[in-house]
1. Please label the shape of segment 1-122 as rounded, prolate or oblate, based on the square roots a ≥ b ≥ c of the eigenvalues of the alpha-carbon gyration tensor (a/c under 1.5 means rounded; beyond that, a/b larger than b/c means prolate, else oblate).
2. Compute the long axis of helix 16-27 from its Cα atoms, compare it with the longest principal axis of the Cα atoms of the chain, and write down the angle in degrees, 0 to 90, nearest 10.
3. Provide, for segment 64-247, the number of lysine pairs with alpha carbons under 14 Å apart, each pair being eight or more places apart or on different chains.
4. Which listed residue (THR198, THR214, LEU138) has the Cα farthest towards the positive end of the charge dipole for the chain, taking +1 on Lys and Arg C-beta and -1 on Asp and Glu C-beta about the Cα centre?
5. Among the lysines, select those whose C-alpha is under 24 Å from the C-alpha of LYS9, and discard any that sit fewer than 8 residues away in the same chain.
6. With only Lys, Arg, Asp and Glu charged, each at its Cβ (+1 for the first two, -1 for the last two), find how big the charge dipole of the chain is about the Cα centre; round to the nearest 20 debye.
7. Scaled to the compact-protein estimate 2.2 N^0.38 Å, what is the alpha-carbon radius of gyration of the chain, rounded to two decimal places?
8. Cα to Cα, under 18 Å, and not fewer than 8 places away if on the same chain: which aspartates and glutamates meet these conditions relative to LYS61?
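Every number in this text was worked out from the coordinates using simple rules, so none of it is lab data. Here the structure is a predicted model, which means the values were calculated and not measured. Using ideal geometry, Cβ is built from the backbone for each residue, glycine included, and neighbour counts are taken over all protein chains shown.
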Amino acid sequence: MLLEPTINKLQAMKLTGMVEALEEQRRTAEMASWSFEDRLAMLVERQWLWKENRTMKTRLKFAKLRQSACIEDIDYRHHRGLQRSVIDQLAASDWVQYGQNCIITGSTGLGKSYLACALAQKACRDGYRTLYYYAPKLFRELQVCQGDGSLPALLKKIARTRLLIIDDWGLEKASPSQYRDILEILDDRHGLSSTLITSQYPTTRWHELVGDATVADAILDRLVHGAHRIDLSGESVRKTRNQALKES
């Protein structure tokens, strides 16, 4: 068998997973007893896994999640009103498939950002293009793009993501034009793609945050109605953990 030309052709076709599996088969003596079909199946499986892993890395790189979080590591022991059944339902990513929204509210230190990043990471694993923004940075980027004329490109980039995370909504006051940009973003996504918002403020105070009643009504209409809700309460998880470390 002309192995070297075969490997070169596999590499030219970017079948790196197959190349790696073929090299392993050559180094493993017991592989000689396997049937052709079993060895071929192993090559195909390795190529499929290699492609999936590479695609996952690309999605995570694009998402730029604030924290390395995953659904399986969520802590339910702390009493903060977090129900496992709700997370299990969201973990299936059906809400992303159907373009539904999710809102996570609660005071600082309750793990809102971690939950958002964990759900986003699961959406990436399930094949959805995801994009994370810390709300103050998103508003600053909108302002810069307004000034240099690149706003349409940014809006297009956001519109093409299946799941948009806006973390810490309401932490900093934005200008009326920036809130109108947010409304345009939500309008493009309404019924088509999902948006996940975390905020220290309950939705009843979002009118106050936005200021303009008309824009606030429109934002709430596109975000809140029919959204999945996680309302956290209780003592700060961060504070409790730090106290436990000091006592240990």
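1. On the way: a/c = 3.40, a/b = 2.76, b/c = 1.23.
Cα axes put segment 1-122 in the prolate bin.
2. Roughly 40 degrees between the two axes.
3. Values: LYS64/LYS122; LYS64/LYS137; LYS64/LYS157; LYS137/LYS173.
Taking the Cα cut-off of 14 Å, the pair count is 4.
4. The Cα lying farthest towards the positive end belongs to LEU138.
5. Hits, sequence-local ones excluded: LYS51.
6. Values: 36 positive and 31 negative charges, 94 e Å.
In debye, rounded to 20, the chain gives about 460.
7. Values: Rg = 23.1 Å, N = 248, 2.2 N^0.38 = 17.9 Å.
Compared with the compact-globule rule of thumb, the chain sits at 1.29.
8. The qualifying aspartates and glutamates are GLU52, ASP126, ASP167.
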